[in-house]
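The values are calculated or read from the model by the stated rules, or taken from the named source; none is laboratory data. These numbers come from a predicted model, not from an experiment. With ideal geometry, Cβ positions are generated from the backbone for all residues, glycine too; neighbour counts draw on all protein chains shown.
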Amino acid sequence: MVSNDADFKWLIDARRNIQLDLLDLHTMAEMHPALLHGQHLAVFSTLVSAAFSLWRAAFLSDIERERRDVFDAATRLLNELLTTNAIPFSTDRKLQNWMFGYYVQSAVERLASAKEMLGSVNADFTQLDRVRRHGLFDIDDSPQELWSGLRDALAALVGALEQRVEPDSTR
């Protein structure tokens, strides 16, 4: 039964967690008009991008990590782009061996950018820094471990941004 599968449970938890992160960002946007000023907007927008990438990656995490599988999926993606000029989610699923890495790498770059823009943040970014330094092909973490570590970095950066903006006193 699918509901007893540990990977399936992880997937449900991951989807719930990233949805909560997206809700935190949405709430922050409503409560903090200061996000429109200075560096805050760039950090906020970058975190929304990272959250979107992690949201999509969570749905694609059940992958084969063999280089041949990734290469084959990338080649099929190119064929799909050239023949249809469109990539719906169903294609993301069919090509998830490459797509997962695409969305995770997108999240890594955006999280690193937000971390740099925010400066000093009191959090553990070991996973993010390691992936940034070594790339996706040279780490041994499972896709779920990788995703979870990056999601933790997202939550820490969202919290750091929220601490730096003042709530609208008129609300």
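Can you report the number of residues in the stretch 113-166 which are within 19 Å of Ala51 (Cα to Cα) and of a type in the set (Asp, Glu)?
Qualifying residue count for the region: 6.
Can you pull out the residues in the stretch 12-27 that are buried (at least 18 other Cβ atoms within 10 Å of the Cβ) and aliphatic (A, V, I, L, M)?
Result: Ala14, Ile18, Leu25.
Quick check: is even one residue across the stretch 11-24 part of a helix (DSSP H, G or I) and among the β-branched types (Val, Ile, Thr)?
yes
Tell me the helices (runs of 4 or more DSSP H) entirely within the stretch 68-171 that contain at least 2 residues that are hydroxyl-bearing (Ser, Thr, Tyr).
Once the helices (runs of 4 or more DSSP H) in the stretch 68-171 are filtered for at least 2 residues that are hydroxyl-bearing (Ser, Thr, Tyr), what remains is 89-94, 96-118.
So, in the stretch 29-71, exactly how many residues are among the hydrophobic types (A, V, I, L, M, F, W, C) and more than 27 Å from Gln144 (Cα to Cα)?
Of the residues in that region, 7 qualify.
Where the second residue is assigned to a loop (DSSP other than H, G, I, E, B) and the first is aromatic (Phe, Trp, Tyr) and lies in the stretch 74-95, which pairs have Cβ atoms under 9 Å and are six or more apart or on separate chains?
Phe89/Phe59
For residues in the stretch 56-107 being among the small types (Gly, Ala, Ser) and under 30 Å from Leu157 (Cα atoms), which is surrounded by the fewest Cβ atoms within 10 Å (Cβ to Cβ)?
Ser106
Within the stretch 78-110, how many residues turn out to be farther than 25 Å from Thr46 by Cβ and in contact with a Phe, Trp or Tyr (Cβ under 8 Å, 6 or more places away or on another chain)?
Result for the stretch 78-110: 1.
Cβ-Cβ distance below 8 Å, separation of 6 or more or different chains: which pairs start in the stretch 1-28 with a residue that is among the β-branched types (Val, Ile, Thr) and at pLDDT 95 or above and end on one that is part of a helix (DSSP H, G or I) and surrounded by 12 or more Cβ atoms within 10 Å (Cβ to Cβ)?
Short answer, once both residue conditions are applied: Ile18/Ala51; Ile18/Leu54; Ile18/Trp55; Ile18/Ala58; Ile18/Arg151.
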